[in-house]
Amino acid sequence: MTKPALFLDRDGTINIDRVYIHDPKLIELIPGAAKSIKKAQDAGFAIVVVTNQSGISRGLIDKNALPLINRRVSELLQDEAGASIDLYQICPHAPLDRCKCRKPLPKLVLEAANQLGLDLSRSAFIGDKLVDVGCGNRAKCAASILLRTGKGREEEHILKVGGRQIPAESRPSFVADDLAAAIDWFLASSKNLSNKA
């Protein structure tokens, strides 16, 4: 039986965004992130991190350091709230590499859904950039949520000044102050949909 999931960006969504994080010691969780992830897990959601890490292609992040960085994220989530990540999906390419896995392309989301047996129609993508929103919309997730953490306020400004020039696939279902607010909104929305069914 398929289950719903939260697809989460990493830097600027779960942990504080520091440009090209290359060392596990640089990982610091955004306040409230761990507890909100645990709340979603307790509600039956799988948690999948989908992250663009172009620093690998650019030679700014050692590809061997990436598993250690992700492990540190997992350790902090576990230590703080007993939360965990079911799967990390990483695109190591730079934009000019023209790969097929870099967000906003939905390849990594679709692969995770197939691997874990996930129902995208009951899932959400949450991140601090419009490429996260675009990825969730392209993957046909139930919701794509933009956060104001990380680069989110800059991205929200682009939405406001861009008007009709912003394509529909880049428009979020909801804009939240942080991951906790986004998860609360989506869990409430999911409950409302279930009650109407």
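Taking the stretch 93-103 as the range and being small (Gly, Ala, Ser) and either part of a helix (DSSP H, G or I) or in contact (Cβ under 8 Å) with a residue 60 or more places away in the chain (or both) as the test, no residue passes.
Scanning the stretch 42-53 for residues that are surrounded by fewer than 18 Cβ atoms within 10 Å (Cβ to Cβ) and either of a type in the set (Lys, Arg) or touching a strand residue (DSSP E or B) at 6+ places or on another chain (Cβ under 9 Å) (or both) gives a single hit, GLY44. Within the stretch 57-72, if we keep just the residues that are of a type in the set (Lys, Arg) and closer than 21 Å to LEU29 by Cα, the residue that is surrounded by the most Cβ atoms within 10 Å (Cβ to Cβ) turns out to be ARG72. Of all residues in the stretch 46-105, those that are within 14 Å of the chain's Cα centre (by Cα) and closer than 19 Å to ASP128 by Cβ total 18. Given the condition acidic (Asp, Glu) and out of contact with any Phe, Trp or Tyr (no Cβ under 8 Å at 6 or more places or on another chain), answer yes or no: does some residue in the stretch 124-138 qualify? Yes, because at least one residue in the stretch 124-138 is acidic (Asp, Glu) and out of contact with any Phe, Trp or Tyr (no Cβ under 8 Å at 6 or more places or on another chain). Any residue in the stretch 18-28 that is buried (at least 19 other Cβ atoms within 10 Å of the Cβ), in contact with a strand residue (DSSP E or B) (Cβ under 8 Å, 6 or more places away or on another chain), modelled with pLDDT of 95 or more and within 23 Å of ALA113 (Cα to Cα)? No, that holds for no residue. Looking only at residues in the stretch 1-15 that are of a type in the set (A, V, I, L, M) and buried (at least 17 other Cβ atoms within 10 Å of the Cβ), the one that is nearest to LEU108 (Cα to Cα) is LEU8. When PRO31, PRO95 are screened for being within 24 Å of TRP185 (Cβ to Cβ) and surrounded by fewer than 17 Cβ atoms within 10 Å (Cβ to Cβ), only PRO31 passes. Residues that are surrounded by fewer than 23 Cβ atoms within 10 Å (Cβ to Cβ), within 24 Å of LEU110 (Cβ to Cβ) and more than 13 Å from the chain's Cα centre (by Cα) within the stretch 140-165 comprise LYS140, ALA142, listed in sequence order. Scanning the stretch 32-42 for residues that are farther than 21 Å from ARG71 by Cβ and touching a helix residue (DSSP H, G or I) at 6+ places or on another chain (Cβ under 9 Å) gives GLY32, LYS39.
The condition of being of a type outside the set (A, V, I, L, M) and over 27 Å from LYS191 (Cβ atoms) holds for only one of ARG138, ARG122, ARG148, ARG102, that being ARG102.
The values are calculated or read from the model by the stated rules, or taken from the named source; none is laboratory data. From a predicted model like this one, the values you see are computed outputs, not experimental measurements. Cβ coordinates were reconstructed from backbone atoms using ideal geometry, including for glycine residues, and neighbour counts include every protein chain displayed.
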